[in-house]
Amino acid sequence: MLEFHGKMLVKNFKQAMLDTFGLRIKVHQGFSMGQTADDSATLAATRSGVAESTSATISLTQLMTVEQAETAIRAAAGFAVQVLDASGANAPNDATLVSLGFRAPPPSAVSSSSASSGSGTSVSVTGQKRLSTIQSEFTERFAQLGLMFFSLEEAKKADQGIHIQPLPSDQTVASVRTKTAKGDMSIHGSTTVGSLEANFRDDYGLFVQVCYMREGKPVYTGSGLDGATLSELNRRAAEQGRGTFAYPAR
């Protein structure tokens, strides 16, 4: 199963299809088979204006034909796609997905993806919560990822290449924020890295970084991953064997 959302970029959707199912696709603008979608556009901007209600997941099986798969994706996403063969040419409508290299998502990736974005498993951010509680709940839902909190003053140091110190995790959000949000924040599997970090900055006046493990040490995600959803990034990190996220000792 592949999770997606309107703010996902077309290029990330195509990569997710390849990463999840082993399938290469071409994405069209709306239902027009003559106009290819811009890779830098969002899926919301790519959907047809006449598309009916869309889904948040795509499920495919190896014995589906190309035509069946394209119909399923069209119905779920609200735009047309073309499944490609290994050479990059349009695959025949009657070809089965397994003949094109389809692979079922690993069980661990599926369970991680679905668990991290279920309606009952979002992470709520309130002024009364301690940073350590948010970190614990976040990593409980996205086992390969972590959240690190910094002041905006420390963020300025980061821009200068100076080593920065995280905020004490025993502090509440209310005690460290420099802005008061209009409401509580909810973090879901469909939340992108960039939007999560931007929301903390704009709503709370905090510099927050999504992190993962590299060679046993936590590292910050770069701007190249801003368009990835938390579910995507968590799955990729698991597939790459990066290990469960571990917060550094204070």
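Counted by Cβ distance under 15 Å from Ser122, the other residues give a net charge of -2, where Lys and Arg count +1 and Asp and Glu count -1. I'd like the carbon and sulfur percentage of the solvent accessible area for the chain, probe radius 1.4 Å, heavy atoms only, ligands and nucleic acids excluded. That fraction is 49 percent. Here the sum of -39500 (n - 2.57) over DSSP H runs of 4 or more residues, divided by the residues of the chain, equals -9000 deg cm²/dmol at 222 nm, to the nearest 500. Under a GNM of the chain (C-alpha, springs under 10 Å), which listed residue has the highest mean-square fluctuation: Ser175, Ser48, Ser151? Comparing Ser175, Ser48, Ser151 in the GNM, the peak value goes to Ser175.
When only Cα pairs below 8 angstrom with a gap of at least 6 residues are kept, segment 134-250 shows a relative contact order of 33 percent. With R₀ fixed at 22 Å, the C-beta to C-beta distance from Tyr247 to Ser124 puts the FRET efficiency at about 0.65. Against the main long axis of the alpha-carbon atoms of the chain, helix 10-21 sits at an angle near 80°. Entry comment: accessible area of the chain is 48 Å² per residue, from protein heavy atoms only and a probe of 1.4 Å.
Centre-to-centre separation between the Cα atoms of segment 1-63 and those of segment 163-207: 30 Å.
When the charge dipole of the chain is built from unit charges on Cβ atoms (+1 for Lys and Arg, -1 for Asp and Glu) and taken about the Cα centre, the candidate among Ser190, Ile162, Thr229 whose Cα reaches farthest toward its positive end is Ile162.
Note on Thr57 and Ile162: their simple-model spin labels are 4.8 nm apart, each label 7 Å out from Cα toward Cβ.
For segment 162-192, backbone nitrogen atoms closer than 13 Å to the point 7 Å from Ser132 Cα along Cα-to-C-beta are found at 168-172.
Using only the Cα atoms of the chain, build the gyration tensor, take square roots of its eigenvalues as a ≥ b ≥ c, and label the shape rounded, prolate or oblate: rounded if a/c is under 1.5, else prolate if a/b is larger than b/c, else oblate. Prolate is the answer for the chain, as a/c is 1.5 or above and a/b outweighs b/c. Relative to the Cα centre, the charge distribution of segment 1-101, modelled as +1 at Lys and Arg Cβ and -1 at Asp and Glu Cβ, gives a dipole magnitude of about 220 debye. Placing +1 on each Lys and Arg Cβ and -1 on each Asp and Glu Cβ, with no other charges, gives the chain a dipole about its Cα centre of roughly 460 debye. The angle separating the long axis of helix 131-141 from the principal Cα axis of greatest extent in the chain is about 20 degrees. Of the peptides 191-198, 28-35, the order by per-residue mean of other Cβ atoms within 10 Å, starting with the highest, comes out as 191-198, 28-35.
Checking every one of the GluC sites (Glu not before Pro) in segment 35-100 against DSSP loop status and a limit of 11 other Cβ atoms within 10 Å picks out Glu52. Among 36-44, 201-209, the peptide with the highest mean count of other Cβ atoms within 10 Å heads the list, and the full ranking is 201-209, 36-44.
The values are calculated or read from the model by the stated rules, or taken from the named source; none is laboratory data. In this text, all values refer to a predicted model and were calculated from it rather than measured experimentally. Using ideal geometry, Cβ is built from the backbone for each residue, glycine included, and neighbour counts are taken over all protein chains shown. We work out accessible area using only protein heavy atoms, side chains counted, and drop any ligands, DNA or RNA first. Shrake-Rupley method; radii C 1.70, N 1.55, O 1.52, S 1.80 Å.
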